[in-house]
Amino acid sequence: MKSYDRLYIGGEWVAPAGTGTIEVVNPTTEEPAGRVPEATAADVDRAVAAAREAFDHGPWPRMTPGERAVVVSKVSEALKADLQAMAELITTEMGSPLGWGTMAQVLAPSMILDYYAGLAGTYPFEDLRQGLMGQVLVRSEPVGVVAAITPWNVPLFLAAAKLGPSLVAGCTVVFKPAPETPLDAFRLAELFEEAGLPPGVLSVVPAGREVGEYLVRHRGVDKVSFTGSTAAGKKIGAICGEQLKRCSLELGGKSAAILLDDVNLAEALPMLLPNAMMNNGEACIAQTRILAPRDRYQEVVDALVEAVSAMRVGDPLDPSVEVGPLVAERQRQRVEGYIRIGQDEGAKIAVGGGRPKGIDKGWFVEPTVFVDVDNAMRIAQEEIFGPVLAVIPYEGDQQAIDIANDSAYGLCGSVWTADPDRGLSVARQVRTGTYMLNSPIPIDFATPFGGFKESGIGREFGPEGLELFLEQKSISLPAGYTPRS
Ligand code: NAD
């Protein structure tokens with residue numbers, strides 16, 4: 001059991017202002033896994049004041065991007081050195097299968113930090129341009145104090161997606177991790193401290209919604225970088241709109257995987273299924289709507305049922321396990337609620353639907369496949385966030401595209417076909433921020449990722465992910481003057 005009795009605020013481990021604690025419970029064993037102090041509004045005030053002072057007068061924004069990148073790279077190296085322990089910690093917090101989690105929950109974050117450390121050396125932070133009326137120096141400056149708010153499903157990954165680019169940009173950050181997963185956030189704070197991050201540049205304030213909203217509203221915060229549900233994103237976007245505060249939102253998804261009628265299922269399913277059931281189904285990019293051509297519908301269902309029945313469910317610390325428990329009891333209730341809704345709506349369960357036999361502890365749900373699903377049903381429209389797939393029939397490529405687009409969300413998606421030209425034509429017509437064409441890779445950290453429609457505003461990763469934390473300033477220069485560097 002990993003416990004902390006202090007908060008990391010302003011570069012020091014300080015006593016919390018309040019007396020509340022957050023108890024982390026292992027979703028596999030239902031036993032305590034750790035405890036941290038719960039941050040209050042007074043802690044947020046201290047953290048924002050420290051970030052403000054570090055931004056307005058401290059060394060960090062005044063260092064070169066290359067100097068900042070050195071600190072970010074050190075944290076990446078430390079994560080790689082700590083890979084196994086960090087992956088086990090996250091699995092203990094939220095139940096991610098270790099085999100997948102080691103790569104996605106820890107190695108990927110270190111890759112993201114490396115990418116932004118590398119970009120520090122190539123990004124044009126100062127660009128001398130010939131304007132219409134003279135020379136203009138276009139500077140990209142850090143946006144200021146950032147509030148970074150993340151959910152529990154891929155906690156370190158999302159922390160890296162925000163801290164990597166914002167720190168390289170020269171921002172200072174108040175980071176509010178989800179209350180389910182504060183332990184890896186505290187470990188990350190230790191690694192930044194060991195890497196020599198100056199005081200005030202990073203604070204970590206674990207808390208729930210109310211304190212999160214207090215941080216969003218805080219007048220000392222210049223920019224909110226939020227990842228979480230669409231419901232919370234709308235609220236946060238509205239607050240930021242009132243204050244004209246910069247804001248980027250990475251929200252929910254209900255991605256459609258389109259199997260074209262020429263698909264080779266034996267090749268496609270081993271790439272698709274891990275993306276459909278990714279992270280126990282608790283992934284914003286999970287391919288949860290499977291669109292199957294009507295004349296091959298039964299063949300698709302049979303293949304899916306066979307593959308899903310063979311998935312290993314159990315202790316996520318066992319590297320051979322593919323599906324672990326859901327993060328919390330309330331999440332299992334939510335997923336089981338949707339399983340009942342699907343049946344009430346007339347869809348049929350082809351496999352799963354209950355709790356796995358022989359496991360009497362932990363918040364497990366069987367990997368489940370619904371068939372005879374109409375895209376208008378709630379199980380096809382709403383984000384379930386559990387290992388539940390809906391197989392939807394279609395006729396003709398155009399109808400598949402229309403069904404994929406008939407969603408409030410637009411985060412990710414995929415197409416599977418023997419003909420990549422035909423697949424690319426489909427990919428071009430689906431309104432989502434990322435897409436996979438016969439590819440198992442949903443996100444490449446060197447390229448933009450984010451949502452169309454209610455899946456968000458803004459793009460993380462790639463240079464676009466750095467630009468979320470930059471403000472442009474144009475300085476008109478006198479004739480004949482050239483800046484020295
Ligand atoms: P959530 O919105 O309930 O909470 C996310 C975070 O925001 C938590 O830290 C929470 O404490 C905080 N929060 C909630 N309401 C807030 C408010 N009004 N003001 C300030 N902070 C607030 O989401 P969740 O259930 O923890 O996470 C799952 C959701 O996250 C899913 O919808 C999933 O699709 C989404 N998600 C999106 C991405 C992406 O990149 N697009 C990645 C991962 C998860």
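Go through the stretch 406-428 and give me each residue that's surrounded by 22 or more Cβ atoms within 10 Å (Cβ to Cβ), within 16 Å of the ligand (Cβ to nearest atom) and not polar (S, T, N, Q).
Matches in the stretch 406-428: 409, 410, 411, 412, 413.
Each row is one residue, and each column tells you yes or no for (1) crowded, with 24+ Cβ neighbours inside 10 Å; (2) within 12 Å of the ligand (Cβ to nearest atom); (3) farther than 18 Å from residue 10 by Cα.
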position	(1), (2), (3)
95	yes, no, yes
113	yes, no, yes
125	no, no, yes
172	yes, no, no
194	no, no, no
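How many residues are closer than 13 Å to residue 257 by Cα and either buried (at least 22 other Cβ atoms within 10 Å of the Cβ) or in contact (Cβ under 8 Å) with a residue 12 or more places away in the chain (or both) if we restrict to the stretch 376-405?
Result for the stretch 376-405: 13.
Do we find a residue being more than 10 Å from the ligand (Cβ to nearest atom), surrounded by fewer than 17 Cβ atoms within 10 Å (Cβ to Cβ) and closer than 20 Å to residue 467 by Cα anywhere in the stretch 252-269?
no
Does residue 47 satisfy the criteria of being in a helix (DSSP H, G or I), in contact with a strand residue (DSSP E or B) (Cβ under 8 Å, 6 or more places away or on another chain) and not charged (D, E, K, R)?
yes
Only one of 187, 219 is in contact (Cβ under 8 Å) with a residue 40 or more places away in the chain and among the basic types (Lys, Arg); which?
Criteria check complete, one pass: 187.
How many residues, within the stretch 285-321, are under 12 Å from residue 263 (Cβ atoms) and not charged (D, E, K, R)?
Count: 6.
Give the residue, chosen from 290, 239, that is outside any loop (DSSP other than H, G, I, E, B) and either more than 16 Å from the ligand (Cβ to nearest atom) or within 22 Å of residue 448 (Cα to Cα) (or both). Walk me through how you get there before you give the answer.
Values: 239 fails: either more than 16 Å from the ligand (Cβ to nearest atom) or within 22 Å of residue 448 (Cα to Cα) (or both).
Criteria check complete, one pass: 290.
All but one of (1) within 11 Å of the ligand (Cβ to nearest atom); (2) assigned to a loop (DSSP other than H, G, I, E, B) hold for residue 198, so report the exception by its number.
Residue 198 satisfies all of (1) within 11 Å of the ligand (Cβ to nearest atom); (2) assigned to a loop (DSSP other than H, G, I, E, B) except (1).
Just checking, how many residues over the stretch 1-43 are in a helix (DSSP H, G or I) and either in contact with a strand residue (DSSP E or B) (Cβ under 7 Å, 6 or more places away or on another chain) or more than 24 Å from residue 145 (Cβ to Cβ) (or both)? Break it down into steps so the answer makes sense when it comes.
Looking only at the stretch 1-43, we keep the residues that are in a helix (DSSP H, G or I), and these are 41-43.
Pick out the ones that are also either in contact with a strand residue (DSSP E or B) (Cβ under 7 Å, 6 or more places away or on another chain) or more than 24 Å from residue 145 (Cβ to Cβ) (or both) and you get 43.
Number of matching residues: 1.
Can you name every residue in the stretch 444-456 that is touching a residue at least 24 places away in the same chain (Cβ under 8 Å), more than 9 Å from the ligand (Cβ to nearest atom) and not in a strand (DSSP E or B)?
445, 446, 454
Each reported figure results from applying straightforward, stated rules to the coordinates on display, with no laboratory input. Not measured: the values here are computed from a predicted model. Cβ coordinates were reconstructed from backbone atoms using ideal geometry, including for glycine residues, and neighbour counts include every protein chain displayed.
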